[in-house]
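Engineer: Take this structure, written in structure tokens, and hold onto it; I'll ask about it next.
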Amino acid sequence: MDSQGQKYQVFEKERADLAHRNAGSVHAPDAEMALENARDVFVRRPNCLSLWVVPERAIFSKTVQELRDNAWREADAASDAPTETWLVFQKQGQTARETFVAHVGAVAACSPQQALSRALETFPNKNVFVWWVVPERVIFKSEDADAPSMFAPAHTKTYRNHLAYPVEPIMRELKSAQEMLDE
Amino acid sequence: MDEQAELQEFQARIARGEKIEPGDWMPEEYRKQLIRMISQHAHSEIVGMLPEGAWITRAPTLRRKIVLLAKVQDEGGHGQYLYHAAETLGATREEMIDALLAGKAKYSSVFNYPSLTWADMGMIGWLVDGAAIMNQTMLAHCSYGPYSRAMVRICTEETFHKKQGMEQVIKYARGTPQQKAMVQDALNRWWAPSLMMFGPHDSDSPNSAQLIAWGVKTKTNDELRQEFINKMVPDLQLLGLKIPDPNLHYDETSGNWITSEIDWDEFWRVVKGDGPCNRERLAARRQAHENGAWVREALNAYAEKYEQ
Amino acid sequence: MPNDSLAQKILTLADDSFILGHRNSEWAGHAPILEEDIAFANLALDELGHAHLWYELYQELTGVEPDRVVFFRDANEWRNTQFVELPKGDWAFSMTRQYLFDLYENVLLEKLVNSTNERVRGIATKIRAEEIYHLRHTSNWVKRLGLGTDESHARMQNALNELWASALQLFVPLENETELIDANIFPDLKTLRDEWQDKTVSHLSASGLIVPRVLEPRAISRAQHTEHLAELLNDMSSVARLEKFGVEW
């Protein structure tokens, strides 16, 4: 391990009707600290209902461009590892926004390559630009019971919201006073 | 595909407004330029914690103390997001931090100026964060996905940084004689450094044209700087503050506020490591890193013993 | 209603949280790793926020504004324990102090959420949510540093040896505290201390650390301070006192 610890990718669920989406990553020595760091780095502001952290090395990732070359499929048959659940994430669309790939569902597979080919069959979508598959076993999740102490307090930190500093009305007032003087 | 065809497709994707993602083909120079830009940007956030961090203990009200601490903390968070974006290009955070500590990496020169009074907290918030936001709003449209996403998040969060600064400047500019003098003095010291934040003159900015062609930037340094000046001058004057530039004037034809030529000798001197606080800033970062070595070792040792 | 005793008690809670938050804010930009720089600032922000809530209640009881209480009192008027005013020391010292304080707050708040005083109950409920997370975070840190390397273990043990007797001051009751206990506004600190001690000893032992055999708090009166508090206050109020109280900043 280097001076910065291991790298974990962070998935954040911001609303009940939204999936977990990749918000960024944290460095941490272990999964528990990674989850806590994710809370402190990504939930300084609302909203968050749930966080997942995943060791980066456990993620199998391909962009649409990388998928054009089929060489990655060859490792597919070689695995004799047991079948397990893999979560599938997609980056849909090209608009600028804060988050990256979002959770869309799960497949059963015994290797990352198999998981990705099954994901491609199960969740076809022309508007996908990046695919991630992750074995569910390695995902460390916050629990529902954690939410009141981990996520809810962010709502009380109103000083992080620019609306707590109503400076525009003052500037507008000064401006109109100035204009009246000029006339 | 051969390199030429790859390059054509890359340019076509950028022209279509697509984001380039980690794993996608990109010219080696694009990768290098982005690592340079993003890591410098990350370092700026981290070093930028210091001039304001020094005033947290002296904030004059409970609210100001909380707000300043939250702002300095956000800057750490923004450095964190940016290191993440640079890591997706193959740089490691350890390498980037080592380069900073070794004095080999650049960061925004504005943080090499000292913060001398409390009014600097207001002026830094308005001028320095205001200038940063202009640059970052542009970069939120950057063609590289991870950088663009980091910028979207940072811009959203930083709006409060600027406004809390503005709130203070407005208050002090209309406050007691002592507060007025303090805030004018802060403007006198931070005006020029904040103009320098937009980087060298376009004619001395060899990477600009290429970065614009790659969709990393959409405006040149001088264009952004002029926008900033045009925005700031009337607002500061409205508050009765005097902009420290005897040659400042409004040009009716262009609709621009024209300032004196920036002191480029000073600019390059500070960039090259010889500003008022370069040594102090790096010494503080090195000390934090060295004092923390035993902590990081302990965390790793624990993880190796118990978590695997 | 024992209003004066209540105000005095609230002031101690506010002052402890405030001074601890102030001390911890000194780490901003200087912590051992970037993520923890952000995390520790959160703890400091929370403590300052909790202090603010208590100062507001103090204002309701006495009419004195929070910023006057914080920036225009001299050291002998402060009612925090010496435990929180000691300089931040190394990372082991700050982390151990925060952990011991978080555990104290957790056992206290668990009772205060049932206080017969509605305002106390309301504030305690709000604060407790955050303190539960604080304790999770600092407990994990104590365990990792206690069991990490020989050096981290030694530093943690030193910190604990230095802090323990000072921490016990948190459990020294005020003069008129029985009024508050009788009215079921505040719990009895004697029972709290037992609970706190059981929990700390159990977690610290599991973290390879030995609790010093000290039973007496280092200080009794909250009016007595180390020289560190005056220094802290001089620096802290240097800007606020450039103008008279009431000038807006």
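The values are calculated or read from the model by the stated rules, or taken from the named source; none is laboratory data. Here the structure is a predicted model, which means the values were calculated and not measured. Neighbour counts are summed over all protein chains in view; Cβ atoms, including those assigned to glycine, are modelled from backbone coordinates with ideal geometry. Areas reflect the complete protein model, heavy atoms only, side chains present, ligands, DNA and RNA absent. Shrake-Rupley method; radii C 1.70, N 1.55, O 1.52, S 1.80 Å.
Engineer: Quickly run through the range C:126-151 and pick out the residues that are at the interface with chain B (Cβ under 10 Å from one of its Cβ atoms), farther than 18 Å from C:E36 by Cβ and hydrophobic (A, V, I, L, M, F, W, C).
Structural biologist: Passing the criteria: none in range.
Engineer: I'd like to check which helices (runs of 4 or more DSSP H) are fully inside the range B:4-101 and have at least 1 residues that are among the basic types (K, R) and touching a helix residue (DSSP H, G or I) at 6+ places or on another chain (Cβ under 8 Å).
Structural biologist: Numbers: elements: B:28-47, B:49-53, B:62-87, B:93-101.
Correct list: B:62-87, B:93-101.
Engineer: Counting just the residues of the range A:138-155 that are in a helix (DSSP H, G or I) and more than 7 Å from every other protein chain (Cβ to nearest Cβ), which one comes out least open to solvent (accessible area, probe 1.4 Å)? Step through it out loud before you land on a result.
Structural biologist: First, the residues of the range A:138-155 that are in a helix (DSSP H, G or I): A:138, A:144-150, A:152-155.
If we keep only those that are more than 7 Å from every other protein chain (Cβ to nearest Cβ) as well, we get A:138, A:144-147, A:154-155.
On the way: A:V138: 39, A:D144: 136, A:A145: 85, A:D146: 27, A:A147: 27, A:A154: 10, A:H155: 109 Å².
Filtering first and then ranking leaves A:A154.
Engineer: Oh, and also: Assess whether C:A154 counts as being at pLDDT 95 or above, surrounded by fewer than 21 Cβ atoms within 10 Å (Cβ to Cβ) and more than 14 Å from chain B (Cβ to nearest Cβ).
Structural biologist: Values: at pLDDT 95 or above: yes; surrounded by fewer than 21 Cβ atoms within 10 Å (Cβ to Cβ): yes; more than 14 Å from chain B (Cβ to nearest Cβ): no.
It is false that C:A154 is at pLDDT 95 or above, surrounded by fewer than 21 Cβ atoms within 10 Å (Cβ to Cβ) and more than 14 Å from chain B (Cβ to nearest Cβ).
Engineer: Right, next: Going through the range B:75-85 one residue at a time, which ones are within 16 Å of B:G48 (Cβ to Cβ) and either within 7 Å of another protein chain (Cβ to nearest Cβ) or touching a Pro at 6+ places or on another chain (Cβ under 7 Å) (or both)?
Structural biologist: Residues of the range B:75-85 within 16 Å of B:G48 (Cβ to Cβ): B:75-83.
Within the range B:75-85, B:G76, B:G77, B:G79, B:Q80, B:Y81 qualify.
Engineer: If I ask for residues that are farther than 20 Å from A:R97 by Cα, open to solvent by 20 Å² or more (accessible area, probe 1.4 Å) and in contact (Cβ under 8 Å) with a residue 12 or more places away in the chain, which ones from the range A:1-36 would you list?
Structural biologist: The first filter runs over the range A:1-36 and keeps only residues farther than 20 Å from A:R97 by Cα, leaving A:1-8, A:27-36.
Pick out the ones that are also open to solvent by 20 Å² or more (accessible area, probe 1.4 Å) and you get A:1-3, A:6-7, A:31-32.
Hits for the range A:1-36 are A:M1, A:Q6, A:K7, A:A31, A:E32.
Engineer: Among all residue pairs at least 6 apart or on different chains, which show Cβ distances below 6 Å where the first residue, located in the range C:103-118, is closer than 15 Å to C:F171 by Cβ and the second is among the β-branched types (V, I, T) and not in a helix (DSSP H, G or I)?
Structural biologist: Listed pairs, sorted by first residue: none to list.
Engineer: Still on this model: Inside the range C:83-97, can you point out the residues that are in a helix (DSSP H, G or I) and open to solvent by 10 Å² or more (accessible area, probe 1.4 Å)? Please lay out each step first, then the result.
Structural biologist: Within the range C:83-97, the first condition is being in a helix (DSSP H, G or I), and the residues that meet it are C:83-85, C:91-97.
Passing the criteria: only C:F93.
Residues are listed down the side, and each one gets a yes or a no for (1) more than 14 Å from chain C (Cβ to nearest Cβ); (2) assigned to a helix (DSSP H, G or I); (3) out of contact with any Cys (no Cβ under 7 Å at 6 or more places or on another chain):
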position: B:E223; (1), (2), (3): yes, yes, yes
position: B:E227; (1), (2), (3): yes, yes, yes
position: B:N230; (1), (2), (3): yes, yes, yes
position: B:Y250; (1), (2), (3): yes, no, yes
position: B:E280; (1), (2), (3): no, yes, yes
position: B:A284; (1), (2), (3): no, yes, yes
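Engineer: Considering the range B:16-36 alone, what residues qualify as being more than 9 Å from every other protein chain (Cβ to nearest Cβ), open to solvent by 30 Å² or more (accessible area, probe 1.4 Å) and either touching a residue at least 40 places away in the same chain (Cβ under 8 Å) or in contact with a Ser or Thr (Cβ under 9 Å, 6 or more places away or on another chain) (or both)?
Structural biologist: The answer is B:E29, B:R31, B:I35.
Engineer: Just need a number here: residues in the range B:56-77 that are more than 17 Å from C:H30 (Cβ to Cβ), in contact with a Gly (Cβ under 9 Å, 6 or more places away or on another chain) and in contact (Cβ under 8 Å) with a residue 24 or more places away in the chain.
Structural biologist: Counting residues in the range B:56-77 that are more than 17 Å from C:H30 (Cβ to Cβ), in contact with a Gly (Cβ under 9 Å, 6 or more places away or on another chain) and in contact (Cβ under 8 Å) with a residue 24 or more places away in the chain gives 0.
Engineer: For the range C:227-249: of the residues being over 24 Å from the mean Cα position of the chain (by Cα) and among the charged types (D, E, K, R), which is nearest to B:G175 (Cα to Cα)?
Structural biologist: Filtering the range C:227-249 for residues over 24 Å from the mean Cα position of the chain (by Cα) gives C:239, C:241-249.
Subset that is among the charged types (D, E, K, R): C:241, C:243-244, C:248.
Working: C:R241: 15, C:E243: 11, C:K244: 13, C:E248: 8 Å.
Only one residue fits best here, namely C:E248.
Engineer: Within the range B:274-308, count every residue that is touching a residue at least 24 places away in the same chain (Cβ under 8 Å), open to solvent by less than 30 Å² (accessible area, probe 1.4 Å) and not small (G, A, S).
Structural biologist: Of the residues in the range B:274-308, 4 are touching a residue at least 24 places away in the same chain (Cβ under 8 Å), open to solvent by less than 30 Å² (accessible area, probe 1.4 Å) and not small (G, A, S).
Engineer: Take the residues of the range A:37-52 that are more than 12 Å from every other protein chain (Cβ to nearest Cβ) and polar (S, T, N, Q): which is most open to solvent (accessible area, probe 1.4 Å)?
Structural biologist: Among those residues, the one meeting the criterion is A:N47.
Engineer: Quick test for you: out of C:E47, C:E35, pick the one residue that is in a helix (DSSP H, G or I), of a type outside the set (V, I, T), in contact with a Ser or Thr (Cβ under 8 Å, 6 or more places away or on another chain) and within 14 Å of chain B (Cβ to nearest Cβ). Full working, then the answer.
Structural biologist: Values: C:E35 fails: in contact with a Ser or Thr (Cβ under 8 Å, 6 or more places away or on another chain).
When all the criteria are applied, what remains is C:E47.
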